[in-house]
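Asker: Before I ask anything, let me first share the structure, which is written out below as structure tokens.
The values are calculated or read from the model by the stated rules, or taken from the named source; none is laboratory data. Just so it is clear, the model here is predicted, and its values are computed rather than measured. Note: ideal-geometry Cβ built from the backbone for every residue, glycine included; neighbour counts use all protein chains shown. Calculation scope for accessible area: heavy atoms of the full protein, side chains included, ligands and nucleic acids excluded. Shrake-Rupley method; radii C 1.70, N 1.55, O 1.52, S 1.80 Å.
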Amino acid sequence: MNWINDSIMYNIYPLGFAGAPRENDFKLEYRLDKIYDWIDNFKKLGINALVFNPVFESTRHGYDTIDYYKIDSRLGDNNSFKEICRVLHENGIRVILDGVFNHVGRDFFAFKDVQQNRENSQYCSWFMNLNFWGNNHYNDGFCYEGWAGHIDLVKLNLDNTQVTDHLINAVKFWIEEFGIDGLRLDAADCINIEFFKKLRSTCLSMKSDFWLYGEITHGDYNRWANDDTLHSVTNYECYKGIYSSHNDHNYFEIAHSLNRQFGDGGIYRNIYTFNFVDNHDVNRIASTVREREHLNNIHTVLYTMPGVPSIYYGSEWGIDGTRTKHSDYELRPCLDINNIPNPNYDLYNHICKLGKIRSALPALKHGDFCNINIRNEQLVYRRAYGGQNVYVAFNLAGGDASVDFNVDGGVLTDALTGEKFDANGYVNIPMKPFSSRILVQNDGSFELDFSDSAQTAAPIEAPVQNIVEEVTPDVAAPGKYRHFKGNEYEVIDIARDSETLEEMVVYRALYGEHGLWVRAKKNFEEIVERDGKRMKRFERID
């Protein structure tokens, strides 16, 4: 799972990011295609993995799923999202989706069947604590369990194999169709551990480096992240410790959490935690911190502590956002890459530097952790790996300060500024107000070039397949075709998109489905790979 150690994550809440209407009008709009305009920004930040919060059809906010097999029409369709994933992979950026498996929305097909057929529905056992002797405020004439008391989020029965098969098959579809690289598991603390075991086995059988992490806000992370279940969890303990240490001018708090988790004998040394300072559920870090001068230091902690760092979209510019009693929408804005509101460019440039530094230093990606010097307003810790020692120093005070510690010789080079300090057994390093240093112990030759802030990432290579024959696609023309998954269709004609002039295939299903369908001609004619074999997506049969 080395790609995780080498990753810098970027977390997007798609419905907000894309400016989708809050209520699904089911009109097809390719709003998520704006992601293409952000790829240069990802590269400048050193981002090589994107976490998308819900992208599948829902009624409102994404966590009230209607259809696990269909991209939300407010964002695009399956073909447009497949193309997004392809382009991101081409640019060296992996894709992680939000797996919302604890609950569904009231418009989910199985719940609609229960509403219509009541006790006679074949899906009664799909939902937790369904009771036809009660009622709810929708006056369904029955009651059921909602997640955390939210009746709009109908809790699934994950002890039912029909339910788990439906969910697992959806994930298999996501891997096959979109080539995703991992999953965030929403509300993981509420989900059956046995389901996670089955999910892990399935995913790793399809993609050996697939990564699973769970949203965990409390408790022992080892219960959910171990060799049988998930690979990682959200590190809410350090999320709180990072901002409150700065707000309270007390570095002892975060130093204690980091040592407890990752120091010698640390309880989570076996977990590469998912680290963050804000997300779609909590106030933006710029609105949480009392003194904005601390934002640089806060992100230095994020990028230099053990685990993988994640930036929530827009927070690289320090944008504000607070949740209200009734809404989280301020946390999930629609952003224009060319018109960011009140951007903090000093923070942005600092985070760009942090991305380059983290990518260049194995000790920050793989190293052990040790606290070296802890004071209320100053902190030094060390990351060590393969003979490389990196000392990370902080001053959260509003005035000049210094940090002192013992080093066994050589030179300490500040990767952020290029300054060099003799490491003669004892050092006393000056620190400016609200500043941090990333001090690399070396022979004096270490340096990083920040003149080109745009970072490049190698394309994500497709798994090597044992291809035994070349396959030439059929040219789309009127006639009958069989899809590689078995369904048969009739091509009616070739049309052109009125805006782009792209050739489109107009076709209809021969059996079962109704209505006309449109697919880009280049996608209709493409060759796909399945079970190690290359085959035509649509093969002519007449």
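Asker: Could you grab me the full set of residues in the stretch 169-202 that are without any contact (Cβ under 8 Å) to a residue 12 or more places away in the chain and either among the small types (Gly, Ala, Ser) or under 23 Å from Phe276 (Cβ atoms) (or both)?
Answerer: If the condition is that a residue be without any contact (Cβ under 8 Å) to a residue 12 or more places away in the chain and either among the small types (Gly, Ala, Ser) or under 23 Å from Phe276 (Cβ atoms) (or both), then Ser201 is the only one that fits.
Asker: Taking the stretch 302-319 as the search range and keeping residues that are in a helix (DSSP H, G or I) and among the polar types (S, T, N, Q), which one is surrounded by the most Cβ atoms within 10 Å (Cβ to Cβ)? Quick ask: steps written out before the conclusion?
Answerer: Narrowing the stretch 302-319 to residues in a helix (DSSP H, G or I): 302-304, 315-317.
Next, from what is left, pick out any that are among the polar types (S, T, N, Q): 304, 315.
On the way: Thr304: 24, Ser315: 26.
Only one residue fits best here, namely Ser315.
So that you can scan it fast, the table gives a plain yes or no per residue for (1) closer than 22 Å to Ile168 by Cα; (2) free of Cβ contacts under 8 Å to residues at least 24 places away in the same chain; (3) part of a loop (DSSP other than H, G, I, E, B):
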{"position": "Glu57", "(1), (2), (3)": "yes, no, no"}
{"position": "Asp67", "(1), (2), (3)": "yes, no, no"}
{"position": "Ser73", "(1), (2), (3)": "no, no, yes"}
{"position": "Asn79", "(1), (2), (3)": "yes, no, no"}
{"position": "His89", "(1), (2), (3)": "no, no, no"}
{"position": "Gly92", "(1), (2), (3)": "no, no, yes"}
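Asker: A follow-up question, please. Counting only residues that are farther than 21 Å from Ala397 by Cβ and either among the β-branched types (Val, Ile, Thr) or assigned to a helix (DSSP H, G or I) (or both), which one in the stretch 226-256 is most open to solvent (accessible area, probe 1.4 Å)?
Answerer: Lys240
Asker: For Ile357, state whether it is surrounded by 17 or more Cβ atoms within 10 Å (Cβ to Cβ), modelled with pLDDT of 95 or more and within 15 Å of Ile298 (Cβ to Cβ).
Answerer: No.
Asker: Would you confirm whether or not the stretch 155-170 contains a residue that is within 13 Å of Phe101 (Cα to Cα) and part of a strand (DSSP E or B)?
Answerer: Checked the stretch 155-170: at least one residue is within 13 Å of Phe101 (Cα to Cα) and part of a strand (DSSP E or B).
Asker: Follow-up. Condition first: of a type outside the set (S, T, N, Q) and surrounded by 15 or more Cβ atoms within 10 Å (Cβ to Cβ). Now tell me which residues in the stretch 20-34 satisfy that. Lay out the reasoning, then the answer.
Answerer: Of all residues in the stretch 20-34, those of a type outside the set (S, T, N, Q) come to 20-23, 25-34.
Across the stretch 20-34, the qualifying residues are Ala20, Glu29, Tyr30, Arg31, Leu32, Asp33, Lys34.
Asker: Still on this structure: Pick from the stretch 63-86 the residues that are of a type in the set (Asp, Glu) and within 19 Å of the chain's Cα centre (by Cα): which of them is most open to solvent (accessible area, probe 1.4 Å)?
Answerer: Per the criteria, the residue is Glu83.
Asker: Of all strands (runs of 3 or more DSSP E) completely enclosed by the stretch 376-436, which ones contain at least 2 residues that are in contact (Cβ under 8 Å) with a residue 60 or more places away in the chain, open to solvent by less than 40 Å² (accessible area, probe 1.4 Å) and within 21 Å of Lys356 (Cβ to Cβ)?
Answerer: Working: elements: 378-385, 388-395, 401-405, 411-414, 420-422, 427-431.
Answer list for the stretch 376-436: 378-385, 388-395.
Asker: When you go through Trp147, Trp126 one by one, which is the residue that is free of Cβ contacts under 8 Å to residues at least 40 places away in the same chain and on the phi < 0 side of the Ramachandran plot?
Answerer: Values: Trp147 fails: free of Cβ contacts under 8 Å to residues at least 40 places away in the same chain.
Criteria check complete, one pass: Trp126.
Asker: Scan the stretch 106-125 residue by residue and report those that are open to solvent by less than 60 Å² (accessible area, probe 1.4 Å), of a type outside the set (Asp, Glu), within 22 Å of Arg60 (Cα to Cα) and assigned to a helix (DSSP H, G or I).
Answerer: Of everything in the stretch 106-125, those that are open to solvent by less than 60 Å² (accessible area, probe 1.4 Å), of a type outside the set (Asp, Glu), within 22 Å of Arg60 (Cα to Cα) and assigned to a helix (DSSP H, G or I) turn out to be Ala110, Phe111, Val114, Gln115.
Asker: Does His350 satisfy being outside any strand (DSSP E or B) and either open to solvent by less than 30 Å² (accessible area, probe 1.4 Å) or within 22 Å of Phe450 (Cα to Cα) (or both)? Even if it seems obvious, please write down each step before you answer.
Answerer: On the way: outside any strand (DSSP E or B): yes; either open to solvent by less than 30 Å² (accessible area, probe 1.4 Å) or within 22 Å of Phe450 (Cα to Cα) (or both): yes.
Spelling it out, His350 is indeed outside any strand (DSSP E or B) and either open to solvent by less than 30 Å² (accessible area, probe 1.4 Å) or within 22 Å of Phe450 (Cα to Cα) (or both).
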